[in-house]
Each structure stands twice: as C-alpha cells, then as structure tokens.
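Please read the structure below before turning to the comments.
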Amino acid sequence: MALPTHASRLERIWHYTYLVICTLIFLFLIAPILVVIPLSFNAEPYFTFTEKMLKLDPTGFSTRWYDLLLTFGMTDPEAPRGWSWWTDTWTNAAWINAAKNSVIIGLFSTVLATGLGTIAALGLSRPEMPGRRIIMAILISPMIVPIIIVATGLFFFYSSIGIQNWGIPYLGVILAHATLGIPFVIITVTATLVGFDHSLTRASASLGADPVTTFMRVQMPLILPGVVSGALFAFVTSFDEVVVVLFVGGLDEQTIPRQMWNGIREQISPAILSVATILVLISIALLTTVELLRRRSERLRGMSPQ
C-alpha cells in the first residue's frame, strides 16, 4: 500500500523500516526452502553446495536424485525404459508405492474429514445449538493436543478394538488422518458461515424445499469455497503427517513422510531433498488454490479481496 502524500517524515521512515523487517522475517522463514531446492539438483551425494555448484558449473547439477525416485526398489532399474520398465517402477519402486499410499490415504481421509467437518460446522453455526463452545473446543482439540499424544492414544485404542484384524487396508491411518483433518474443515467452513444469511434457508423451507435440497441448492454454493479450502488443508495434513503413521500404520503402509523418515534413519540420500522439493511445489499449488477460493468467497459475500 502506497503512503499518502501528506505522510510525515517519521511516518515514511517507519513505513520503510516496517517493510524491511517484514522482508527479513519472510526470508528467514523461507531460507530452508531456498536451500533445499538447489541442493536437490546436486550431482554429488552430498547435502552441501559443491564448488561446481557455487561456480554455477552445469556439470555440478544433475537430476539423478529425481531419477532415483523412480528406480529405487525396482527389480531391474538398468533395463531399457519401455513399457515393462514403467510397469516395474509402478509396481516395485519404493517412492512410487509410498506416493500411491499417501494419495489413497489422503483422498479417503479428506472425503471423510470434509463430510463430517462440514456437518459439524453447519450445526455449530446455529445460534440455538446448546453447548456450542464446548463442542467446538472438543472437535478442534486434535489441532491443539501434541501429535505424539494423539498417536499414542490411537495406538492403544486401535489395539483394544483389534482394528488391524478387520482386513480393511489403510483403515486405521485413514480414520486417524480424518480426525486430524476435521478441525481444519470446521474452522474454514465456520468462517465462511459467519456472513451467511440464515433467512435464505428459511425462505427455501417456506417454498417447500426439503433440508437436503436447501443444503445443495442454497447453502452449498455459498459455503463451497470454505469447504474446498478445508478439504485442501485436510489433504495436506494427511499427506504431510508421519507420527501417527509410525504408531498405527502397518509395515506395508509406507507413505511419503514415512519413507523419508526411514531414509533419514537408515541411509541418508539426497533423494530426500528431491521429495522435499516436490512437496514444496505441491504445497505452493494448494496454497494458491486456497487464496483463489478465499477471493472468490469474498466476491460472493460482496466483499472486495484485499
């Protein structure tokens, strides 16, 4: 925002000082990302900048670690890259299998968290709802309680009910990740419902619409940006979570964060930096989507985006 022409000298000094402070804080926060991305293209198996990289020598850079994501765990990584090679990659590559598990768990947990969180937010938005504050505090508690406590509690709970014997793949991890994602959905949908005019639902009911039709035709279009934003946050939470997976996941339920954990513990490889770079790009894309949805929500509510 530009300074007004009548700003005093002291106000101008503070304005530019404030911009410098914000810039330094921003650089401090993104410094780890700025280091990880170029290191993922290191031609050498090191976690430091080599002399060739510092001199911007093209031979100091390589995509070998990204290629390793496709070949690690394959039966025959040196085979010609034809249909059988890609089949081998899809079936046996450790990082590819971890990515598939993360996507499957993330999608199912997101659907579950979005559905339950949206229903809870709709109920909590009603002023006549008894004990709203207490219920809200309980529902968002997984966001506040340390994750190690949540993981330990889920481990003992799952052990007591024998969920591992139910024969449903990923069930324990999906339910756990849905539990962690529900608070994000509740918060974003509740924020969208703050400016919602409940007289619209009463008008719909007076015209003969049933509750399901009222929700789908009146409420859902207006709260959709908040629902999608909450779903994206729930998916990112699931995609990035490792502690719960370590406690309740089976040996064959390797997700990307768990695979990264195993790689750091057993054999440190710059391939982890490649995965981190890909995750950063995915996060940027999802955050951009959330921002676009926020602006759309403001337009629908008659507010100009800031």
For the stretch 128-135, Karplus couplings with θ = phi - 60° (6.51, -1.76, 1.60), whole Hz, Gly/Pro x: 7, 5, x, x, 4, 5, 5, 5
Calculated SAXS-style log₁₀ I(q)/I(0) at q = 0.06, 0.15 Å⁻¹ - the chain, Debye, Cα scatterers: -0.30, -1.25
Interchain or long-range residues, amide H under 5 Å from Asn42's placed H: Ser62
Where GluC sites (Glu not before Pro) in DSSP loops with at most 10 other Cβ within 10 Å are excluded, longest remaining stretch of the chain: 129-306
Whole-number percent relative contact order across the stretch 36-114, with pairs defined as alpha carbons under 8 Å at least 6 apart: 20
Estimated distance in nm for a label pair at Leu10 and Phe155, the labels positioned 7 Å out from Cα along Cα-to-Cβ: 5.8
The stretch 2-52 - percent of accessible surface contributed by carbon and sulfur, probe 1.4 Å: 75
Ellipticity estimate at 222 nm from DSSP helix runs (n ≥ 4, -39,500 (n - 2.57)) divided over the chain, nearest 500: -22500 deg cm²/dmol
Kirkwood hydrodynamic radius of the stretch 96-268, Cα pairs, Å: 17.5
The chain - charge dipole about Cα centre, Lys and Arg +1 at Cβ, Asp and Glu -1, debye rounded to 20: 1140
Label-point separation in nm, Arg217 to Ile30, each point 7 Å along Cα→Cβ: 4.6
Normalised convex hull volume, the stretch 41-128, alpha-carbon set, Å³ per residue: 171
Solvent accessible area, Å² - Thr75, 1.4 Å probe, full protein context: 110
Residue-by-residue Karplus 3J(HN,Hα) for the stretch 209-224, coefficients 6.51, -1.76, 1.60, Hz, glycine and proline x: 7, 7, x, 5, 5, 4, 5, 6, 9, 10, 6, 4, x, 7, 9, 4
Estimated vicinal HN-Hα couplings, Hz - the stretch 38-51 in sequence order (Karplus 6.51, -1.76, 1.60; Gly, Pro = x): x, 5, 5, 9, 5, 6, 9, x, 10, 9, 10, 6, 7, 4
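The values are calculated or read from the model by the stated rules, or taken from the named source; none is laboratory data. Being a predicted model, the structure only gives us computed values, none of them experimental. Positions of Cβ are generated from backbone atoms using ideal geometry, with glycine treated the same way; all protein chains shown enter the neighbour counts. These area figures cover heavy atoms from the full protein model, side chains too; ligands, DNA and RNA do not enter into them. Shrake-Rupley method; radii C 1.70, N 1.55, O 1.52, S 1.80 Å.
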